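First the structure, in the form of structure tokens, and then the observations on it.
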Amino acid sequence: MRYAICFTPPMGDPLSAAAASWLGRSVYSGEPVEFPSVAGLTVAEIAFHTAVPRRFGFHAMIMAPFSLDRDMDEAQLLKALMHFTSAETPFELERMEAARLSQCWGLVPQVPSHAMHLLAARVVQAFDRFRAPLSEDEIERSDPDRLTAPQFTNLHRWGDPYVMDEYRFHMTLTGPLNADTARRLEAPLREHFDPHLTKPLAIDSLALFLEQDPGAPMRVHSQHPLGKISARPRGDRSKRATADGAQDGAAAPLALTATSVSATL
């Protein structure tokens with residue numbers, strides 16, 4: 001079993017629904033979702049080009065998947081994440097856009113966010129103690145020969161080459177594409193996602209992701225709002241209390257203020 005700390009919009013956010021449709025799977029329920037009807041692409045083509053990110057679900061990685069250190073357990077991780085997020089302040093990414101990420105397409109901020117960069121670094125630093133050391137096989141799978149010197153240092157220090165100064169916030173939407181296919185997917189991607197990118201993206205929670213077995217699809221285990229509950233608008237507190245009350249009597253990993261997300265989109 002492995003965990004990851006990520007950002008993903010709330011279950012009811014229209015962007016979450018759009019991404020679940022595009023990828024063909026809800027990252028909350030883990031269940032398949034019907035692919036969209038998009039001009040210029042067949043359903044089979046969308047399914048093929050989204051096969052890689054479908055397993056991970058719609059997210060921006062902050063702390064890459066890790067096994068728990070033998071001296072740690074899930075309850076300790078959840079408690080630490082609750083305390084960490086309660087001390088953080090929500091913020092916004094002013095404008096997201098669909099853009100090329102090397103050989104893939106994804107959503108990225110039009111302007112890099114210093115607040116997001118600092119939050120990502122704090123997460124990695126705060127939760128490194130929960131991470132079991134990488135095995136030699138895991139290090140080799142990272143293909144260390146292709147890494148830059150800072151990335152190589154990050155791999156051995158933090159278990160992930162792409163943290164600290166190497167971190168870039170992005171939400172992957174396709175697997176690797178050749179140049180012609182990448183150009184052909186641009187218009188369909190923008191048609192599908194642009195209507196949901198007109199407002200700033202609120203970074204107001206972190207999600208704990210779970211990989212039950214090696215290679216299994218990842219899904220949201222729990223979502224943890226940023227900021228103290230007492231500081232949130234009354235409407236948000238009421239909605240969250242209602243959601244928590246609806247779960248009374250259900251099996252839960254731990255009685256925290258984090259929102260359970262076992263419902264489907």
Name, by its number, the condition in (1) in a loop (DSSP other than H, G, I, E, B); (2) over 27 Å from Thr89 (Cβ atoms); (3) open to solvent by 50 Å² or more (accessible area, probe 1.4 Å); (4) not acidic (Asp, Glu) that does not hold for Tyr162. (2)
Scope the range 61-82; condition in contact with a strand residue (DSSP E or B) (Cβ under 8 Å, 6 or more places away or on another chain) and either farther than 20 Å from Thr8 by Cα or outside any helix (DSSP H, G or I) (or both); matching residues: Met61, Ile62, Met63, Ala64, Pro65, Phe66, Ser67, Leu68, Asp69, Glu74
Select from the range 90-105 the residues that are more than 20 Å from His192 (Cβ to Cβ) and at pLDDT 95 or above and write down the one among them that is least open to solvent (accessible area, probe 1.4 Å). Phe91
Residue among Phe48, Phe35, Phe58 that is of a type in the set (Phe, Trp, Tyr) and not in a loop (DSSP other than H, G, I, E, B): Phe48
Among the small types (Gly, Ala, Ser) and over 24 Å from Pro10 (Cα atoms) - does that describe any residue in the range 197-212? no
Residue satisfying condition, being open to solvent by 50 Å² or more (accessible area, probe 1.4 Å), of a type in the set (A, V, I, L, M) and either free of Cβ contacts under 8 Å to residues at least 40 places away in the same chain or under 24 Å from Gly227 (Cα atoms) (or both), within set Ala60, Ala80, Ala87, Ala4: Ala87
How about the range 83-108: which of its residues are assigned to a strand (DSSP E or B) and acidic (Asp, Glu)? Glu92, Glu97
Checked pairs for the range 164-177, first among the hydrophobic types (A, V, I, L, M, F, W, C), second open to solvent by 10 Å² or more (accessible area, probe 1.4 Å) and modelled with pLDDT under 95, C-beta under 6 Å and 6 or more apart or across chains, list as Leu177/Gln103
Subset of the range 7-40, residues hydroxyl-bearing (Ser, Thr, Tyr) and open to solvent by 50 Å² or more (accessible area, probe 1.4 Å), comes to Ser37
Inside the range 7-26, can you point out the residues that are out of contact with any Pro (no Cβ under 7 Å at 6 or more places or on another chain) and either part of a loop (DSSP other than H, G, I, E, B) or without any contact (Cβ under 8 Å) to a residue 24 or more places away in the chain (or both)? Thr8, Pro9, Pro10, Met11, Gly12, Asp13, Ser26
Any chance Arg157 is modelled with pLDDT under 95, of a type in the set (Lys, Arg) and over 30 Å from Ala20 (Cβ atoms): no
Ser29: passes all of (1) over 30 Å from Ala121 (Cα atoms); (2) in a loop (DSSP other than H, G, I, E, B); (3) of a type in the set (Ser, Thr, Tyr) but (1)
Top-ranked residue in the range 130-144 [being assigned to a helix (DSSP H, G or I) and touching a Phe, Trp or Tyr at 6+ places or on another chain (Cβ under 9 Å); ranked as most open to solvent (accessible area, probe 1.4 Å)]: Pro144
In the list Ala202, Ala207, Ala182, which residue meets the criterion of being part of a helix (DSSP H, G or I), at negative phi, of a type outside the set (Phe, Trp, Tyr) and open to solvent by less than 70 Å² (accessible area, probe 1.4 Å)? Ala182
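The values are calculated or read from the model by the stated rules, or taken from the named source; none is laboratory data. As the structure is a prediction and not an experimental result, all values here were calculated from the model. Virtual Cβ from ideal backbone geometry, glycine too; neighbours counted across all protein chains shown. Keep in mind that these areas ignore ligands, DNA and RNA; they rest on the heavy atoms of the full protein, side chains included. Shrake-Rupley method; radii C 1.70, N 1.55, O 1.52, S 1.80 Å.
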